[in-house]
Each structure stands twice: as C-alpha cells, then as structure tokens.
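Single-structure report; data block below.
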Amino acid sequence: MNKISLAALLDEDREMVLANIARDRSLPAAQAALEKEIDRVMYRYVEACGDGALRDSAQHILQAMKDTLPLMNAVDEAREWKQTYVAPGRDRGLRLGGLTALCLVAGLALVLASVAGVLIAGRLTGALTFLKALLPAALGCAALFLAGVRAARAKRAGAAQSAPEAVRTEFMADGEKTWHLLRGAMLLADGQLERIREQLAAAKESEKAASPVGAVPAAALELFSELLESAYAAGSDAGREQAEAIRFYLHRSGIEVCDYVAGRESWFEFLPAGGAGTIRPALVAEGRLLKKGLAAAAR
C-alpha cells in the first residue's frame, strides 16, 4: 500500500485555503475555513487509505486537530470598535429653567388678560372686540406650548457624557501564519499515523510468527503430509490428482508443496535407495520449513 501523507493532501489546496482566509480575516471565519479544509483532507485520506485501522486513527486525529488549533498564534492585527449610547430612563423629568419659567408665566398672563378683556368689554359686540380678546389668547397659548416643549426636553448633553461605552475588539488572522500553523499540525498528524502504521505492521509480524502455518493447524499439516506420501507412492493417475488437489488447497492457505531438488537438502530426510526422488514432499511457508519431506538418495 502506498503511504498517503496528510500534508501532501493539504498542499494541493494551498491556494484555495489562502484565498478563503483573505476574503474574511476575522478569527471565526479563519477557524471555519480551516475546519472545512481539515474535513476535505479527512475525506480524501479515508477514500485513498486501504487500512481500516489507519482510517479510524486519521479521523480521530483530525477531529482532535479541529478542536485544538491555536489560532491566536496567527493573529497579526487587532481592531477596536466603540459604541456610545444613552442609557434609557436617565433623562426623564421636567426642566424648569429661567426662560421656561418666563414663558410659562407670560403665557398664563396673556390668557388671563384675554379672558379679563372679554369680561370688561361686557356686552360689547363686534369684530374689534373679538380680535382684541383673540390676540392675547393666541400669544398665551404659544408661550405655554414653548414652555412645555422646553420643560420636557431630554438632557442630551449630560446623558451622552455619562453613558457607558461598548468596546469590541476584533482579531484578524494572517493568511500565511494560519497556513503554516495548519501544515505543522498536519505534519504532526502524519508522524502519529506513521507510528500507528509501524505498530500495526509489527503486530502482524508477531501474529504471523506465532502461528506460521497460517489457517492450517499442525494436526492437519501432518495429515496432508501423510496423504501426499500415499499419493506419491501410488504412482497412478488417481494418486497424482489427489496430490494436485492437496497442493492447490495448501497453496491457497499460503503453504507450498516442494519436491526434492538439488539445493533443498535441508528440507528433507533421506532413505538409501537405488535412485534419487521424492517420497514425501516438504511443506514450506514464505521460505520457512513447516514439515520436512522424505526423499530417496542414490547409494
């Protein structure tokens, strides 16, 4: 299996990651861009990796990476935003200043004067009497209205000075720093995956060494060896077919049936005979002898 590197998969998306960060350099947006890229690397690694244990390990490592990336190390700028506001309820109440009081008194006086003028006029009628009474009344109403407006006006200047300020600080991420931070984390993850790969390979080797006969038990090997010896001794077509069937079955289990040839003396025991030949083949798995064969040696 070809080794797959998380850092190599990440390098393929370098320009895209930098462009995403450049569009919005705020820390939340940069964090979201990195998390999306980590997911992309994870999906591609899982598709390409043929080892289930490595796939699971990569998923756990990359998920932990998403939760622990220290983006504050990639900050190169901080922006402050201030907002001034007027506190509600602070400016309620009436303001009775000097001018306001003067307008109030003048308005009342004018209205009262118009009422008194009408009473003094008595039974006099006509437009002139009406106009004389209407003008002071109108002026008095205007003065009262002005007094009310000024009395109800909010204390804007004092309120603005005493109102608290809301300050918001926004940290901006640097694209190159963020990229190097992510790539460094990917290299660390590659190192962890390499150690896991080595541990899995060592475990497989230990398992193979512990049971060198693979899926065939030792008792079955002994039986197959005797059957092969009987088939070789028969020398008939049926014996040869039986030997070929056993040879094929053992081959599928990773065990080879080997006849005697020069150079394989260590795999065989020998009986003196008139000519050389295989009496019982040897059984070998990946170059290791599992069961010695028996061969005839010329006297």
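The values are calculated or read from the model by the stated rules, or taken from the named source; none is laboratory data. What you are looking at is a predicted structure, and each value in this text was computed from that prediction instead of being measured. Backbone-built Cβ (ideal geometry, glycine too); neighbour counts: all protein chains shown. Surface accessibility is based on the protein's heavy atoms, side chains included, excluding ligands, DNA and RNA. Shrake-Rupley method; radii C 1.70, N 1.55, O 1.52, S 1.80 Å.
Key figures
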{"quantity": "Charge sum, other residues only, whose C-beta stays under 12 Å from G50's C-beta, Lys/Arg counted +1 and Asp/Glu -1", "calculated": "+1"}
{"quantity": "Low-density loop cleavage sites - GluC sites (Glu not before Pro) in region 213-299, where at most 16 other Cβ are within 10 Å (DSSP)", "calculated": "E286"}
{"quantity": "Solvent-accessible surface ranking, highest first, for Y43, Y249, Y260 at 1.4 angstrom", "calculated": "Y43, Y249, Y260"}
{"quantity": "Stretch gain in nm, segment D13-K292, where the contour uses 0.36 nm per residue and the Cα spacing is subtracted", "calculated": "94.7 nm"}
{"quantity": "With DNA, RNA and ligands ignored, accessible area of M42 (1.4 Å probe; Å², nearest 10)", "calculated": "20 Å²"}
{"quantity": "Probe 1.4 Å, all protein chains present, accessible-area order of S253, S225, largest first", "calculated": "S253, S225"}
{"quantity": "Nearest-0.05 FRET efficiency for E205 and Y249, computed from C-beta distance (R0 30 Å)", "calculated": "0.75"}
{"quantity": "By accessible area with a 1.4 Å probe, ligands and nucleic acids excluded, highest first: order of W179, W267", "calculated": "W267, W179"}
{"quantity": "Gain in span if fully extended, L187 to V261, counting 0.36 nm per residue against the direct Cα distance", "calculated": "21.4 nm"}
{"quantity": "Modelled FRET efficiency - R0 25 Å, E194 with Q31, Cβ distances, 0.05 increments", "calculated": "0.35"}
